[in-house]
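What follows is one structure encoded as structure tokens, with my remarks underneath.
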Amino acid sequence: VTFTIGYQKGGIPNILKARGTLDRYAAQGIDFRWVLFTAGPPLLEAANAGAVDFGSVGNAPGVFALAGGADLKYVGVTVNNSDTTEAVIVPKNSGIQKVSDLKGKRIGVARGSSAHAFLYSVLRSAGLTFKDVTVVPLLPPDARPAFENGSIDAWVIWDPFLTTALQGSGGRVLRDHTGLGRGDNYHLVPGSVLQNPEKKRALQVLLAELESAANWANVNRQTVINQFSDELGIPKSVLAVTVPKSVPFNIRPFRTSDLKPLQTLAVAFREAGVLPRDVPFGPQTYVTLPAFRAALPTLGLK
Amino acid sequence: MTVGARSRERARPEVQAAGTPSRRPGRAWQGEWIRWLVPLLVVLGWQLAASTGLLNPRVLPAPSAVITAAWELARSGELGRHFLISLQRAGLGILIGGGLGFTFGILTGTFRAANLLLDTTFQMIRTIPNLALIPLVILWFGIGESGKVFLIALATFFPVYLNTLHGVTGIDPRLTEMARVYGLSPLDTFRRVTLPGALPGVLVGVRYALGISWLALVVSESFGASSGIGFLAMDAREFFRTDVIVLAIVIYALIGKAADALVRTLERRLLPWQVSA
Amino acid sequence: MTVGARSRERARPEVQAAGTPSRRPGRAWQGEWIRWLVPLLVVLGWQLAASTGLLNPRVLPAPSAVITAAWELARSGELGRHFLISLQRAGLGILIGGGLGFTFGILTGTFRAANLLLDTTFQMIRTIPNLALIPLVILWFGIGESGKVFLIALATFFPVYLNTLHGVTGIDPRLTEMARVYGLSPLDTFRRVTLPGALPGVLVGVRYALGISWLALVVSESFGASSGIGFLAMDAREFFRTDVIVLAIVIYALIGKAADALVRTLERRLLPWQVSA
Amino acid sequence: MSAAPVLTGPLTATGVPIELRDLSAAYGERVILQDLTLSIAAGERVALVGASGGGKTTLLRALAGLTSTQGTLRIGTGAPVRTRVMFQEDRLLPWLGALDNVALGLPRPDRFRAARALRDVGLAGRERAYPHELSGGQRQRVALARALAHRPDLLLLDEPFGALDALTRADMHALLDTLLTDTGATTLLITHDLEEALKLTDRVLLLADGQIREDLTVALPHPRRRTDVEDLRAHLERLLH
Amino acid sequence: MSAAPVLTGPLTATGVPIELRDLSAAYGERVILQDLTLSIAAGERVALVGASGGGKTTLLRALAGLTSTQGTLRIGTGAPVRTRVMFQEDRLLPWLGALDNVALGLPRPDRFRAARALRDVGLAGRERAYPHELSGGQRQRVALARALAHRPDLLLLDEPFGALDALTRADMHALLDTLLTDTGATTLLITHDLEEALKLTDRVLLLADGQIREDLTVALPHPRRRTDVEDLRAHLERLLH
Ligand SMILES: Nc1ncnc2c1ncn2[C@@H]1O[C@H](COP(=O)(O)OP(=O)(O)OP(=O)(O)O)[C@@H](O)[C@H]1O
Ligand SMILES: Nc1ncnc2c1ncn2[C@@H]1O[C@H](COP(=O)(O)OP(=O)(O)OP(=O)(O)O)[C@@H](O)[C@H]1O
Ligand SMILES: [Mg+2]
Ligand SMILES: [Mg+2]
């Protein structure tokens, strides 16, 4: 069976791919393929179309996909351990000192990203709404020059772009996640994968190996930094900051309690006026697979 | 429209009673609706596939769903707003890009020195993707309207430029020679010879530019914009609104048809002398 | 190349001693290097601005930095790999898209029925952005090579189609009439009249298609790809590798130049009869 | 230029009869031919003369099926008719050399006739010249060679010798005369040269006001010399003035 | 067609002298003119005859400065020369009506001459017709009107009457004759019609083998009738054969 993994640069799947662990399953009849995506939405788009069997994304894209009626199911969570992986930043010499100063300012953010939701909660914490500011939709690569030349007054951005921007262009953190809850990462599959026993088995293998990879990365931090630096072209100085934030690398099965933050997010977007309808979160939107690594021996593989 | 040779030797009808007049306005109109045949069939087949469940609506929504989305967006005035702002950006971009493309096409077509100096440069800029230019555009123009218009102007420059240049070089050199011998002023040469001679080519460029301007809109509305058809399409993709995505595609197709009709009208108006018209 | 009228009445030189021959191969070559003048000046000015600190290197790296990046990528074989795979995708896409564009352009130019049936449909498809089509392409083709080639073929189809159609309709109808009277078979009509008559137009289309194929590469290599020049550019953009971004732009520009040179050669080869050549 | 040898080859052409009754043709409001009636026998050679803009070309185009008309237009006896037209302009394909232009549309086994025809019109050695590399008269001769190489049943010539000097013209006259005698094609020759009309054809038609105004039969043996037709010419000239 | 009235208007043209010495012209290897020497006085009317492909058009193009040559080519006395060419093809702009084609390049105050010229060549009422709506002879007359409306110092005509019937041609002869007498432009007329050459010009040049082979002066008063030139024509025809 062929099992296609959609991945983005810099996550646990990327570590697993670099290790090449999955190659040996070809002998067992499971042919893993890797496909790189630049962002979560297109990855889930491909998953919805059945071109990808597994994908890892931030917290927002999955919500939108489900809102759009995609037949996707959560199967795993990577818990975020840091409050500083995402922040609102302003130029160093900016007059903006506190969140309420954002009123009337232009804020660059990637629409539909976790940062978009984060901005919502940041504004709300200061009693503001999206109506009080000008939201400028900008993808990270486009936002950087806009931030540099003052086209936007503030930028909501995540790592590694956050650290790069702080190191490279004289930005200053205005507000991070402290006290506002963190955005986790999620692992999703198309519903069809779970109905196909062979694919489901491959999925379980993959999840188990992801867990192993996470454990390996926790003890081989420098190797991970080197690998990412080579592969992503990100300076080691940046990775030296961002990789420790991810520690401990982790992945675990999705639980019913994981629905809550997603629901909160959906409500935020609903109130922000970008989601046309409520998201039908419920038992049909996830599966809880048994403990990943522990399940490996039960799969009938050597 | 030329018509291919039919058979090697045509059997001539014995009696050609009351021969048909050469211009048949009735026939011409009669033909026009056929232009819509294929698009219509596509939509019909699509709706059929959707209704019979052949098509997964999660992946490609039924035409009826798209119409519903269109209706909702139109009722709220959203659609009109997005459309108008895009139209404005596209129009301005085409005016600037097309105007410059036309001007430089005439220049490089007419003057060898201009050709040597500029043509290679243009040919090199031509292949640089808009997407790759976005960071530079933001640097130069910020995130306001001017950057978007610049990208559209850039995209529409080349088809008009290339086809104008080709139109000018394709003018029968015997006519250019005649104009020289008859001492036409540069202005008269342009008005009487170069412009009308290049016009059919220029219009092909315009036709292409009208289309490409909407493609460039998608790119230029992907940054720093919260309005426009391109934004609508990209945003819908971001938020998984398949019905809106397809709606955007349909709108684009209709714009394509409108652009085509516009150029057809221009051709009829501007090229009355064309024997083949 | 046509040349504009110079002055209203040209003063004729009293004695035109040892008149110049009409073909000046020396002059022609002499002119060629001028084509590089403007690009060269741009690069020089850019390096100057960078060295004097006028230019923020975080924003636009100096040419020397770009050359370093190119050297590193080239040494590791990365650059060659990306380039070859893109070349392969572009080539295949052009072959398919250009071939179909040519075929359909001839068909709709020659047969009124084909024109009525298909032209509107093509004009409508034309304005649909590649970016908006990606979801459908993934649906139809998955995320392998075929989807990428499809997008390139789609993008190259239209310039070739439009210019072929225009080339065919631009053929002197008196020649078409003659061909009919002389009982040319459909094949002969195509080989002897339609094809050579449309060829200059077709080549303009090819010129455009060669350029646009690399633009389409950017879009098609933006999903599910980890190789190709388009991927290189988008990837670099993702992580602010400005040197690589600019390198990609330079590569695109050089590709544009190469495409231009290729079509120029084709024109010289295929159109030996052109009076203005 | 050497005296033109005969365009030889298998005799495939047979003349066809032509019957026009109440034929009218117009461009928009402008009526060119009005209720024109004319019969031409199979193999007959007919000259058509008339004022510039009088409708000669229009009539020729009607016979070739290129202009839509009203009334009766009957050509041949039902079988397919091989019509070839030498247009008033040369209509050479600019992208083909002289030989390829002449060979245009000739079935493969007849291709050899193209080179022969080109030689017969005095253009041996210029086979590969593009039309723009030929003089006006040379282009006209290529077009003539093209029309003749086809051996048509119905040959329509629209001022075929207008751009030729007297000597070349005489050669071409001889060439056409021989060819027509050999093949027996029904021929319509539009010309402004009365002498030419009288030398080459059996019947001279004067087209005026959309009608055949004069119909003069020339009953003289071929080939004719200039002196043979002197009287008739004077007569015709008087008619025309 | 009515007898053509005179193309009137201010007399701006003055003939220019022409001096060719050892003039040679070639297309690649093909030598067309070889060491040709010729003087034409200011205001002289010269006819150029010769075989098809003999180089007449090439010589005319050389005089118009359109062909590169070797040797001495001196036209006029240093002042700018207003040269107008009527080419062998009509070279009308397909996108302009007849009147606009004739008015081409005329300075604004002289525009009125365009309509008059069109009327003089018998095309009153066809001002707005596009070239493709005109007959071959009509197109040729538009081109003639265009050349004449300009009142050039040097008028170069390449077979200007080739597509005209005898009557129209006679009208055009009269028109040209009057115009030339009025303006005194130096004129070179290429023609295949010896009678035409003798009627209209003062000197007939025979071009052969890249050289002027015969140079015949015609010392008769204008306007001439056909009978005036009968003897000279017979003489010239003997020369040519
Ligand atoms: N497409 C057209 N539209 C309008 N009028 C036309 C068109 N073609 C020809 N005419 C007119 O029809 C008339 C007859 O034209 P035709 O070409 O038959 O003349 P002709 O006898 O061949 O003249 P010539 O000897 O000058 O070639 C002319 O007055 C011409 O202007
Ligand atoms: N561009 C060219 N390249 C090569 N040969 C050419 C070119 N133009 C003309 N010639 C040749 O030069 C010779 C002279 O041509 P030119 O047009 O001067 O003849 P002409 O005397 O005007 O003949 P005609 O009476 O047929 O018009 C011809 O043999 C012609 O084939
Ligand atoms: Mg005619
Ligand atoms: Mg000539």
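Quick one: give the max-minus-min coordinate of the C-alpha atoms of segment A:1-131 along each principal axis, largest first, in Å.
Reported extents, whole Å, longest axis first: 61, 33, 21.
Kindly compute the accessible surface that chains B and A hide from a 1.4 Å probe when together, both sides summed, and give it to the nearest 100 Å².
Details: alone 18240 and 13170 Å², together 29280 Å².
Separately minus together, B and A give about 2100 Å² buried.
Extent of chain D along each principal axis, from alpha carbon coordinates, in Å, largest to smallest?
If we take the Cα atoms of chain D, the spans are 47, 39, 32 Å.
Just to confirm the filter: which trypsin sites (Lys or Arg not before Pro) across segment B:157-209 are DSSP coil and have at most 10 other Cβ within 10 angstrom of their Cβ?
Working: sites: B:R174, B:R180, B:R191, B:R192, B:R207; in loops: none.
Sites meeting the loop and neighbour criteria: none at all.
If exposed GluC sites (Glu not before Pro) are those in a DSSP loop with at most 15 other Cβ within 10 Å, what is the longest stretch of chain B that has none? Mind showing how you got there, number by number?
Numbers: sites that count: B:E9, B:E14.
With a cap of 15 other Cβ atoms within 10 Å, the longest stretch comes to B:15-277.
Determine the sum of side-chain charges near C:L247: Lys and Arg each +1, Asp and Glu each -1, restricted to other residues whose C-beta is under 13 angstrom from that of C:L247.
Once positives and negatives cancel, what remains is -2.
Could you provide, to the nearest whole Å², the per residue accessible area of the protein assembly as shown with probe 1.4 Å? Don't jump to the answer; show the numbers that get you there.
Numbers: 52600 Å² over 1338 residues.
The answer is 39 Å² per residue.
Distance from the Cα centre of segment A:159-197 to that of segment E:184-232, in angstrom?
Centre-to-centre (Cα) distance: 96 Å.
From the Cα gyration tensor of segment B:91-135, with a ≥ b ≥ c the square roots of its eigenvalues, which class applies: rounded if a/c is under 1.5, or else prolate if a/b is larger than b/c, or else oblate?
Verdict is oblate for segment B:91-135.
Place the label 7 angstrom along Cα→C-beta at B:G99 and in each other copy, then list the distances from the first to the rest in nm, shortest first.
4.4
Could you rank A:W216, A:W155 by how accessible they are, 1.4 Å probe, largest area first? List each step's numbers first, then the result.
Details: A:W216 55, A:W155 0 Å².
Greatest to least solvent exposure: A:W216, A:W155.
Sort largest first and round to whole Å: the equivalent ellipsoid semi-axes of segment B:48-165, each the square root of five times a Cα gyration tensor eigenvalue.
Details: eigenvalues 314, 66, 43 Å².
Over the Cα atoms of segment B:48-165, the ellipsoid semi-axes are 40, 18, 15 Å.
Starting from the Kirkwood radius over alpha-carbon pairs of segment A:229-284, derive D by Stokes-Einstein at 25 °C in a medium of 0.890 mPa s and give it in µm² s⁻¹. Write out the running numbers ahead of the final one.
Values: Rh = 14.7 Å.
The Stokes-Einstein estimate is 167 µm²/s.
Expressed in nm², what is the orientationally averaged projection area of the convex hull enclosing the Cα positions of segment E:107-241?
Values: hull surface 38.1 nm².
So the Cα hull casts an average projection of 9.5 nm².
Can you tell which of A:L203, A:L66, A:L180 shows the greatest fluctuation in a Gaussian network model of chain A with Cα springs below 10 Å?
A:L180
Rounded to the nearest 10 Å², what accessible area does D:H241 show when all protein chains are kept and the probe is 1.4 Å?
D:H241 exposes around 150 Å² with every protein chain in place.
For C:L37, place a label point 7 Å from Cα along the Cα-to-Cβ direction in every copy; what are the distances to the other copies, in nm, shortest first?
5.6
What is the P(r) of segment E:185-226, as percent of Cα-Cα pairs per 10 Å bin from 0?
26, 58, 15, 1
Taking all pairs of different Cα atoms in segment A:185-265, averaging 1/r and flipping that mean, what Kirkwood radius in angstroms comes out?
Roughly 15.0 Å, rounded to one decimal.
What are the DSSP H helices in chain B that stretch 24 Å or more along their long axis, judged by alpha-carbon atoms, and whose average Kyte-Doolittle hydropathy comes to at least -1.0?
Numbers: long enough: B:78-110 (47 Å, 0.88); B:145-169 (36 Å, 0.94); B:195-220 (34 Å, 1.56); B:242-270 (41 Å, 1.10).
Those that clear 24 Å and a mean of -1.0 are B:78-110, B:145-169, B:195-220, B:242-270.
Relative to the longest principal axis of the C-alpha atoms of chain A, give the angle of the C-alpha long axis of helix A:114-125, reported between 0 and 90° and rounded to the nearest 10°.
Helix A:114-125 sits at roughly 40 degrees to that axis.
Just the accessible area for A:S212, please: 1.4 Å probe, Å², rounded to the nearest 10?
That residue has around 30 Å² of solvent-accessible surface.
For segment B:111-228, just the Cα set please: Rg and Dmax, both in angstrom.
That works out to 17.9, 58 Å for Rg and Dmax.
What is the local net charge at C:G256, summed over the other residues whose Cβ is closer than 15 Å to its Cβ (Lys, Arg +1; Asp, Glu -1)? The partial results should precede the final answer.
Values: positive: B:R126, C:R35, C:R207, C:K257, C:R264; negative: B:D119, C:D260.
Overall, the nearby charge balance is +3.
What is the local net charge at D:F112, summed over the other residues whose Cβ is closer than 15 Å to its Cβ (Lys, Arg +1; Asp, Glu -1)?
Working: positive: D:R108, D:R111, D:R113, D:R116, D:R119, D:R146, D:R151; negative: D:D100, D:D110, D:D120, D:E127.
Taking every other residue near D:F112 into account, the sum is +3.
Quick one: Cα centre-to-centre distance for segment E:37-116 and segment C:240-269, in angstrom?
47 Å
Given springs between every Cα pair under 10 Å in a Gaussian network model of chain A, which of A:G168, A:G55, A:G179 has the largest fluctuation?
A:G179
Rg and Dmax of the protein assembly as shown, Cα atoms, in Å?
For the protein assembly as shown, the Cα radius of gyration and maximum Cα-Cα distance read 39.0, 124 Å.
Kindly give Rg over Rh for segment E:1-131, based on alpha-carbon atoms, with the Kirkwood expression for the hydrodynamic radius. Present the calculation step by step, with values, prior to reporting the outcome.
Working: Rg = 17.8 Å, Rh = 17.4 Å.
Over the Cα atoms of segment E:1-131, Rg/Rh equals 1.02.
Output the direction-averaged projected area (hull surface divided by four) of the convex hull of the alpha-carbon atoms of segment E:53-112, in nm². Could the numbers behind the result be given before it?
On the way: hull surface 24.9 nm².
Convex hull of Cα atoms, orientation-averaged projection: 6.2 nm².
Over what distance in Å are the Cα centres of segment B:138-193 and segment E:161-179 separated?
43 Å
First check a/c for segment A:138-289, with a ≥ b ≥ c the square roots of the eigenvalues of its C-alpha gyration tensor; if it is under 1.5, answer rounded, and if not, answer prolate when a/b is larger than b/c or oblate otherwise. Write down the numbers at each step before the final one.
Details: a/c = 2.25, a/b = 1.25, b/c = 1.81.
In terms of gyration-tensor shape, oblate.
What are the label-to-label distances in nm, one decimal and shortest first, from D:T227 to the same spot in the other copies, with labels 7 Å along Cα to Cβ?
From this label point to the equivalent ones elsewhere in the assembly: 2.3 nm.
How many times 2.2 N^0.38 Å is the alpha carbon radius of gyration of segment E:146-205? Mind showing how you got there, number by number?
Numbers: Rg = 10.9 Å, N = 60, 2.2 N^0.38 = 10.4 Å.
Its radius of gyration relative to the 2.2 N^0.38 Å reference: 1.04.
Tell me, what is the Rg over Rh of segment B:62-270, with Rh the Kirkwood radius over Cα pairs?
Values: Rg = 19.9 Å, Rh = 18.6 Å.
Value, to two decimals: 1.07.
Please report the base-10 log of the normalised intensity I(q)/I(0) for segment C:184-256, using a Debye sum with one equal scatterer per alpha carbon and no solvent, at each q in 0.14, 0.20, 0.23 (1/Å).
Per q value, in the given order, log10 I(q)/I(0) is -0.57, -0.81, -0.97.
Name the chain E residue nearest the rotation axis between E and D, going by Cβ position, and give the distance in whole Å.
Its Cβ sits closest to the axis: E:G162, 2.
Rounded to the nearest 500, what is the 222 nm mean residue ellipticity of chain D from helices alone, with -39500 (n - 2.57) per DSSP H run of 4+ residues and division by all residues? Could you put the intermediate results ahead of the total?
Details: 7 runs with 73 residues, N = 241.
Roughly -9000 deg cm²/dmol at 222 nm, from the helical runs in chain D.
Top mean-square fluctuation among E:T168, E:T69, E:T227, Gaussian network model of chain E, C-alpha springs under 10 Å?
E:T227
For A:K131, which lysines qualify as cross-link partners when the Cα separation must be under 17 Å and same-chain residues fewer than eight apart are set aside?
Candidates past the 8-residue exclusion: A:K103, A:K105.
Take the Cα atoms of segment D:93-150, find their three principal axes, and give me the spread along each one in whole Å, biggest first.
Its Cα atoms span 29, 22, 18 Å along the three principal axes.
Could you rank D:W95, A:W158 by how accessible they are, 1.4 Å probe, largest area first? All intermediate terms of the calculation are to be shown ahead of the outcome.
Working: D:W95 30, A:W158 65 Å².
Ranked list, largest accessible area first: A:W158, D:W95.
When N is the residue count of segment A:98-201, what does its C-alpha Rg come to as a fraction of 2.2 N^0.38 Å? Please report the intermediate quantities before stating the final value.
Working: Rg = 17.1 Å, N = 104, 2.2 N^0.38 = 12.8 Å.
Ratio of Rg to 2.2 N^0.38 Å for segment A:98-201: 1.33.
The values are calculated or read from the model by the stated rules, or taken from the named source; none is laboratory data. Since the model is a prediction, treat every value here as computed from it, not as a measurement. Glycine also receives a Cβ, built like all others from the backbone with ideal geometry; neighbour counts cover every protein chain displayed. What goes into the accessible areas is simple: the full protein's heavy atoms, side chains included, and nothing from ligands, DNA or RNA. Shrake-Rupley method; radii C 1.70, N 1.55, O 1.52, S 1.80 Å.
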